[in-house]
Amino acid sequence: MGVTEILLVRHGQSAANVAASHAEASGAETIDVPARDPDVELSPTGQEQAAALGAWLRDLPRDRRPDAVWSSPYRRALDTARTAVDVAEVQLPLRVDERLRDRDLGITDTLTTAGVLARYPGEAERRRWLGKFYHRPPGGESWADVALRVRSVLADLERQERHQRVLITCHDVVVLVFRYVCEELDEAGILEIGRTDGVRNAAVTRLVRDGEGWRLADYNVDEHLAQEGAPRTDEPSPVQELG
């Protein structure tokens, strides 16, 4: 029968999330990221959020707990998964899958909105023309490219027979693109969700599959953060304002 329930979780707040927010607020052109994107660690707040996710996982009824965990290989997502499983004190197989990684920003990586406008004005105009969903920065990926990865992951989830409920730790755009694919949304619909109700750090989105296909059961659930005294955060991706 394959997987019938997916629990999608954006990683806890990362050091790069914090740096990006500071850079955008100050009008800087570059983001002082501490490492290459795959190696960025959780911030202290992100570690609290990952632990709160673990408390939520621990308190789930046995018949609602995931059977396995799949994670992006990026450290902030993988550490979120590992911390949550450790706090929950559950034994779950963990699969690391590069298809769940964050979107590659190409030449715009580590640049703020101001930085892209100043250094690549032609690229900024091309992004406005193509729109956020289809624009692929040189050396990077579009949201549509991420959708190809997500469709491949879903096909594997639906085919495998060992697990029915899987927890996936990943990134905000990946969570949104799962919704785009599973709910058969259009470009305008998913971008509006991202603009008005972006994916919060360590929040849970639940998709379930029945005879009619996939449907959304829960989105952006993060009451476990307040219950464990962890802050709620929602840092948007860099160059958010270009289109």
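The values are calculated or read from the model by the stated rules, or taken from the named source; none is laboratory data. Just so we're clear, the structure is a prediction, and the values are computed from it rather than from any experiment. All Cβ positions, even for glycine, are placed from backbone atoms using ideal geometry, and neighbour counts span all protein chains on display. Note: accessible area is taken over every heavy atom of the protein model, side chains too, but ligands, DNA and RNA are not part of it. Shrake-Rupley method; radii C 1.70, N 1.55, O 1.52, S 1.80 Å.
Restricting attention to the stretch 10-33, and to residues there that are over 15 Å from the mean Cα position of the chain (by Cα) and charged (D, E, K, R), which single residue is farthest from D172 (Cα to Cα)? Only one residue tops the list, namely E29.
Among the criteria (1) surrounded by fewer than 23 Cβ atoms within 10 Å (Cβ to Cβ); (2) not in a helix (DSSP H, G or I), the one A19 does not fulfil is (2).
Those residues that are open to solvent by 50 Å² or more (accessible area, probe 1.4 Å) and either part of a strand (DSSP E or B) or within 17 Å of T169 (Cβ to Cβ) (or both), I need them from the stretch 202-227; list them, please.
Of everything in the stretch 202-227, those that are open to solvent by 50 Å² or more (accessible area, probe 1.4 Å) and either part of a strand (DSSP E or B) or within 17 Å of T169 (Cβ to Cβ) (or both) turn out to be R206, R209, D210, R215, L216, D218.
State whether the residues of the stretch 38-45 include one that is in contact with a Lys or Arg (Cβ under 6 Å, 6 or more places away or on another chain), open to solvent by less than 20 Å² (accessible area, probe 1.4 Å) and closer than 30 Å to G213 by Cβ. No, the conditions are met nowhere in the stretch 38-45. Looking at the structure I just gave you, is L94 touching a Phe, Trp or Tyr at 6+ places or on another chain (Cβ under 9 Å), hydrophobic (A, V, I, L, M, F, W, C) and open to solvent by 60 Å² or more (accessible area, probe 1.4 Å)? So L94 passes the test.
Reported count of residues in the stretch 158-186, each being more than 18 Å from the chain's Cα centre (by Cα) and either touching a residue at least 40 places away in the same chain (Cβ under 8 Å) or closer than 22 Å to R76 by Cβ (or both), is 8.
Just one of R149, R179, R195 is outside any loop (DSSP other than H, G, I, E, B), basic (K, R), touching a strand residue (DSSP E or B) at 6+ places or on another chain (Cβ under 7 Å) and within 27 Å of Q13 (Cβ to Cβ); which is it? Result of the check over R149, R179, R195: R179. Exactly one residue out of Y120, Y134 is open to solvent by 30 Å² or more (accessible area, probe 1.4 Å), in contact with a Ser or Thr (Cβ under 6 Å, 6 or more places away or on another chain) and either on the phi > 0 side of the Ramachandran plot or not hydrophobic (A, V, I, L, M, F, W, C) (or both), and it is Y134.
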